[in-house]
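Structure first, then comments.
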Amino acid sequence: MNRWVVFALAACAAVTAGCDDNDTTSPSSQPAVFSTILRPANEVPPIANDEANGVGAAQITLQLTRSTAGAISAATADFYFQMSGFPPNTTVIGAHIHPGPAGVNGPVIVNTGLSVTAPFVANGATGEFRATGIDVPPALAQQIIDNPGGFYFNIHSPLNAGGFARGQLARVQ
C-alpha cells in the first residue's frame, strides 16, 4: 500500500480517536442582532417631565453557542445604546431587557449592570454606553429570537426610576 495512504489513514484515525461523541457544542454560531428606537412616549405610562423630549437607539447582539443539533447551549449579550436630546448630564441607573409587548410592563430579565451605585452619566445632552458578555440563559435567548417584539429594552434614571425611554426589540440579523 502506498505510504501516503497509510499516513492519511493514520491521521484520520488519530483525529477521530480524539473526538468525543458527547461533544454537543459548536463554539461558533451566527449572532442574533436586535435594535430599537428608545422613546419616552413608549414608556408605560408615557414620560411627561424633563426627560420627555429625548430619543435613543439600542442594539443588542446575542452571541450564541449551539449544540450539534442546533439548539442554543450558551448565550451572552452585547449591549450598545445612544441617547440624545435629554437634559444635560442625564444619569442612567438602569438599562435592561424586559418581557412584554408594547404597552405592557414586565420584570427585568437581562441587566446591563448599570445601577444607582454604578451609573452611566451622559456627556452633556448626548451619550453612548456599551456592555459586553452579559450571560443570558439559553432558553431565554431562544424566546427572544422567536418573538423579539414580545420584549423591550429601556433605560432608567433617578427622575424616572421605572424607565424614561423604551423600545420593542426587532431582529435585524
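For the reader, a short list of remarks on this structure follows.
- Residue count, the stretch 93-138 (criterion: under 27 Å from residue 73 (Cα atoms) and among the aliphatic types (A, V, I, L, M)): 9
- Whenever a residue of the stretch 119-142 is hydroxyl-bearing (Ser, Thr, Tyr), its partners that are surrounded by 12 or more Cβ atoms within 10 Å (Cβ to Cβ) and assigned to a strand (DSSP E or B), lying with C-beta atoms within less than 6 angstrom and at least six residues away or across chains, give the pairs 126/84; 132/78.
- The condition (being within 14 Å of the chain's Cα centre (by Cα), under 23 Å from residue 160 (Cβ atoms) and assigned to a loop (DSSP other than H, G, I, E, B)) is satisfied by just one residue among 104, 108, 116: 108.
- Which listed residue, of 33, 55, is touching a residue at least 24 places away in the same chain (Cβ under 8 Å), surrounded by fewer than 17 Cβ atoms within 10 Å (Cβ to Cβ) and either under 19 Å from residue 148 (Cα atoms) or acidic (Asp, Glu) (or both): 33
- Flag for residue 105 being out of contact with any strand residue (DSSP E or B) (no Cβ under 6 Å at 6 or more places or on another chain) and surrounded by fewer than 12 Cβ atoms within 10 Å (Cβ to Cβ): no
- Residue identified as part of a loop (DSSP other than H, G, I, E, B) and hydrophobic (A, V, I, L, M, F, W, C) among 161, 131, 141: 161
- Residue pairs whose Cβ atoms lie under 6 Å apart, separated by 6 or more positions or on different chains, with the first residue in the stretch 80-96 and in contact (Cβ under 8 Å) with a residue 12 or more places away in the chain and the second assigned to a strand (DSSP E or B) and of a type in the set (Asp, Glu), are 82/128.
- Residue that is farthest from residue 56 (Cα to Cα) [pool: residues in the stretch 108-128 that are buried (at least 19 other Cβ atoms within 10 Å of the Cβ) and hydrophobic (A, V, I, L, M, F, W, C)]: 110
FYI, it's all coordinate maths here, none of it is from the lab. Treat the numbers as computed from the prediction; the structure is a model and nothing was measured. Heads up, the Cβs are rebuilt from the backbone with ideal geometry, glycines too, and the neighbour counts pull from every protein chain shown.
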